[in-house]
There are 2 protein chains.
Amino acid sequence: MRVLGIDPGTVLLGYGVVDGGASTTLVGCGVLKASPRLPVERRLCTLFDGVCEIIESFRPDEVAIEEPFAGVNVRSAFMVGRAQALAILAAARAGAPVSYYSPAEVKSHVSGYGRGDKAQVRAMVMLQLGLKELDESLDATDALAVALCHLQTRHVERRLASGR
Amino acid sequence: MRVLGIDPGTVLLGYGVVDGGASTTLVGCGVLKASPRLPVERRLCTLFDGVCEIIESFRPDEVAIEEPFAGVNVRSAFMVGRAQALAILAAARAGAPVSYYSPAEVKSHVSGYGRGDKAQVRAMVMLQLGLKELDESLDATDALAVALCHLQTRHVERRLASGR
């Protein structure tokens, strides 16, 4: 199963694509950027078109989006809500099922506990993907962590369903 | 100038279209509904498609969206941010300029002060549009108020620009 993970923002939007199966492999990752000097409608369009292109290129089976509910103020929540919406719309219009994970869930799945810092998450992402180097920003690493979290969740669900 | 006003929500999204000029007239208004039982991605898609259809049918020159920053909690802010994003995306993809107004700005423009209740806003919207009856929900009335607020703002801008 191929999963696209998204760390949503209206200036920087991280994405990471991983394939799960016998082994878990990195397919691609990066960061979409929209200048904060652009009006919000141009930024949302730019990022929406970008996510649509990523979905068209990588054709993920499912999409996982980070959903922070705690630790942000109301103004940030508006911005993250907007960024999530464009990612959700791009995924849903392409017919890909969408799942949502809090930052604590992602950290807990990837690094074993919910309070790891970004550098620890990066180290665990590299370990799980068998990478010695990962020349991408932390926003892309966070997106990969969301994708890995979703793969693990699905794996556990399948094991529970099969009674193993 | 034709203005589409939007009162964004992820379950109910109000819209109102008015023509400004020698007189201000109601073109259309209503409420898009997405069942709260649907997953968020289906709701966002339904409302996005709905706003795109409204823009295609009414062909507004500009779009005005209500943007509440105060008086909401973080969870509501996520939801409103998502609803705004789909409206902003629909407008921007159709090439219509987008403006944003706080609820206080809308009330102040439409009813003369920033703290009018919904019934007062409705009465002033009907007065300004020369309507004796308005058989629409308050969400649609709020959207009409946003559109009227934008028309008045543009009118003032034009007068200032022409030095009158």
Original post:
Local charge sum around B:D61 (other residues, Cβ-Cβ under 11 Å, Lys/Arg +1, Asp/Glu -1)?
Top reply: +1
Original post:
On average, how many beta carbons from a partner chain sit within 10 Å of the beta carbon of a residue in A:141-153?
Top reply: 0
Original post:
With every protein chain in place, what's the accessible area of B:D135 (1.4 Å probe, Å², nearest 10)?
Top reply: 140 Å²
Original post:
With a Cα-only, solvent-free Debye model of the range A:87-138, what are the log10 I(q)/I(0) values at q = 0.17, 0.26, 0.30 Å⁻¹?
Top reply: -0.67, -0.92, -1.01
Subject >> For the range A:117-126, 3J(HN,Hα) per residue [Karplus equation, 6.51 cos²θ - 1.76 cosθ + 1.60, θ = phi - 60°, Hz, x = Gly/Pro] >> reply: 7, 4, 5, 5, 4, 4, 4, 6, 4, 4
**OP:** For the range B:45-50, take each phi angle, set θ = phi - 60°, evaluate the Karplus expression 6.51 cos²θ - 1.76 cosθ + 1.60, and give the result in whole Hz per residue in order, putting x for glycine and proline.
**Re:** 5, 4, 5, 4, 4, x
**OP:** Could you please tell me the mean projected area of the C-alpha convex hull for the range B:2-162, averaged over all directions and given in square nanometres to one decimal?
**Re:** 9.5 nm²
Subject >> Probe 1.4 Å, protein heavy atoms only - accessible area per residue of the range B:1-158 in square angstrom >> reply: 44 Å²
Original post:
Could you give the nm distance between label points at A:M126 and B:D135, where each point is 7 Å from its Cα heading toward the beta carbon?
Top reply: 6.8 nm
Original post:
Once the other residues with Cβ under 11 Å from the Cβ of A:P8 are scored (Lys, Arg +1; Asp, Glu -1), what is the net sum?
Top reply: -3
Original post:
How much of B:E133 can a 1.4 Å solvent probe reach, expressed as accessible area in Å² and rounded to 10?
Top reply: 150 Å²
**OP:** Taking each label point as 7 Å beyond Cα in the direction of the beta carbon, state the distances from A:G21 to the same residue in the other copies, shortest first, in nm.
**Re:** 6.2
**OP:** Nearest to the axis that maps chain B onto chain A: list the chain B residue whose Cβ wins, with the distance in whole angstrom.
**Re:** B:G81, 1
Subject >> Net charge dipole size for the range B:2-162 [Lys, Arg +1 and Asp, Glu -1 on Cβ; Debye, nearest 20] >> reply: 240 debye
Subject >> Sequence-distant lysines (8 or more away, or on other chains) whose Cα lies within less than 27 Å of B:K132 >> reply: B:K33, B:K107, B:K118
Original post:
Along Cα→Cβ at 7 Å, what distances in nm separate the A:L160 label point from those on the other copies, shortest first?
Top reply: 5.7
Original post:
Got a sec to turn the phi values of the range B:53-60 into Karplus ³J(HN,Hα) couplings, 6.51 cos²θ - 1.76 cosθ + 1.60 with θ = phi - 60°, whole Hz, x for Gly and Pro?
Top reply: 5, 4, 5, 5, 5, 8, 6, x
Original post:
How much net charge surrounds A:L148 when only the other residues with a Cβ under 13 Å from the Cβ of A:L148 are counted, with Lys and Arg +1 and Asp and Glu -1?
Top reply: -2
**OP:** Go ahead and estimate [θ] at 222 nm for the protein assembly as shown from helices alone: -39,500 (n - 2.57) per DSSP H run with n ≥ 4, summed, over the residue count, rounded to 500.
**Re:** -17000 deg cm²/dmol
Original post:
Please report, for the Cα atoms of the protein assembly as shown, the Rg to one decimal and the Dmax as a whole number; what are they, in angstrom?
Top reply: 22.1, 79
Original post:
Applying 1/(1 + (r/R0)^6) with R0 = 56 Å to the Cβ-Cβ distance of B:E157 and A:S23, what FRET efficiency is obtained, to the nearest 0.05?
Top reply: 0.40
Subject >> Copies compared at A:F58 - label distances in nm, ascending, label defined 7 Å from Cα in the Cβ direction >> reply: 3.8
Subject >> Placed amide H near B:Y100: partners under 5 Å, 5+ positions off or other chain >> reply: B:I65
Original post:
How far is it, in nm, from the label point at A:S108 to the one at A:L38 when both lie 7 Å from their Cα along the line to the Cβ?
Top reply: 3.6 nm
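The values are calculated or read from the model by the stated rules, or taken from the named source; none is laboratory data. As the structure is a computational prediction, the values presented were derived from the model and not from experiment. Counting neighbours? That spans all protein chains shown, and the Cβs are built from the backbone with ideal geometry, glycine included. With ligands, DNA and RNA removed, areas are computed over all heavy atoms of the protein, side chains included. Shrake-Rupley method; radii C 1.70, N 1.55, O 1.52, S 1.80 Å.
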